[in-house]
Structure formats: structure tokens, C-alpha cells
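Working notes, beginning with the structure itself.
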Amino acid sequence: MRRFVLATIFGLASAPAFAHAPTGAGATFGASFMSGALHPLNGLDHILAMVAVGIFAAMIGGRAIFAIPASFIGAMVIGFVLATAGLSLPMVEPMIVASVIVFGLLIAATTPSSAIGMGLALLFGLFHGHAHGAELAGATATAFGAGFMVGTALLHAAGIALAVGLEKMASNRAILRVVGGATALAGVAIGFGF
């Protein structure tokens, strides 16, 4: 199990931050379902946020395991639709970085709350979805959108599985709190461009 945890951490840390698809004139970006499914893997900021949502939901347990990730994905759809309709949101990238820091801190420092988790999932999901929609560069939205929803759901599931595995391995939440703190620090580093 220790090797799995280390491989997961190093694998996530090796992804380039802010490696989003090119946008604007001359940008080429696939519009396929698979392009959408792989798109959340293009930036460490997105990966950390999605996995952190899953970890946070697993720490709460019960219906929150499905409700919090579903809220995030639902809000992502709204943000995606807003972006593809040409409506902008302020501070999209800073809010994405904030989602990494906030969920990391919540995992590290608090007793999880379902209401807080749902509210934050809705807020931050909106910005993540908008970022995906803004990067679409005129491609067919339906297939791509369906793909990034599936990719996001898989990252949430990875976070849930990681939380469950780490809790069983350590038989307490101390290791999850360390993971949360590391996630928050990674968010700060991304925010400052390290």
C-alpha cells in the first residue's frame, strides 16, 4: 500500500501545472469525448482539486460520497455552458487555485461538514467548468463536455479510493490530514507559479 501511495503522489506531482489547451485564433483542440475525458489531466491544479473533492467526500461518508462530487460536476456543467455561450466569469484561474488550497485545508484541518462541502463543490465546480468551456476553442461541445464530466468523475473516484485506502492503512485520519496539507501547499505553489 505504501508503494501505491508514493506512486500516486509522484504521479500527480509530475503533471505540468496550468497545461491547458491552447485557445484563440489558430488553436487546435480535439472535440472528441476522449479529448474531454483526458482534459482534466492536463493540469496539476485540476487534478489536485478533483482528487481533493473525492477525499473530502470520503471523509464525510454516507450520501456525501456521491452528493459532493455530483454537486461539483453539476456546477461544472453550468460553468461549461456559460463559457460556451460566451459569458465570462471573473477570476477563473485564481478560483481554480483557490479550490486546491481550500479543499486541501479542509482535509487537513477540520472535521468535514457535508453542507460546507456541497457549497464549496458548487462554487468551485462552476469555475472549473467555465475553464473547460473557455478552452474548447469552437469544438463540438457535447462530446467534449460529456468526456470531461467522466474524466472529472474518475478523478473524484480516485480521491475517494485514496481516502478509503489511506484510512484503512493508517486506521486513523492523520495521514489524510498530511495529504490535505500537502495539497494546500501545492495549491499555494501553483498560485505563485513555482
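Computed from the coordinates by the stated procedures, all read-outs in this text should not be read as laboratory data. From a predicted model like this one, the values you see are computed outputs, not experimental measurements. Note that each Cβ is placed from the backbone with ideal geometry, even for glycine, and that neighbours are counted across all protein chains shown.
Listing for the model above:
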{"read-out": "Alpha-carbon Rg/Rh ratio, for region 30-191, with Rh computed the Kirkwood way", "value": "0.98"}
{"read-out": "Dipole axis of region 30-191 (+1 Lys, Arg; -1 Asp, Glu on Cβ), positive-most option in Met118, Ala85, Ala64", "value": "Ala64"}
{"read-out": "Residues in region 150-194 that a label on Ala109 would reach, taking backbone N under 16 Å of a point 7 Å out along Cα→Cβ", "value": "177-189"}
{"read-out": "Rough spin-label spacing in nm, given labels placed 7 Å along Cα→Cβ, for Ile78 and Ser32", "value": "3.3"}
{"read-out": "Rg(Cα) / (2.2 N^0.38 Å) computed for region 73-149, rounded to two decimals", "value": "1.17"}
{"read-out": "Summed residue charge, Cβ within 13 Å of His132's Cβ, Lys/Arg positive, Asp/Glu negative", "value": "-3"}
{"read-out": "Estimated dipole of region 30-191 in Debye, rounded to 20 [Cβ of Lys and Arg +1, of Asp and Glu -1, Cα centre]", "value": "400"}
{"read-out": "Sorted peptide list for 104-112, 74-82, 152-160, criterion being average Cβ within 10 angstrom, highest first", "value": "152-160, 74-82, 104-112"}
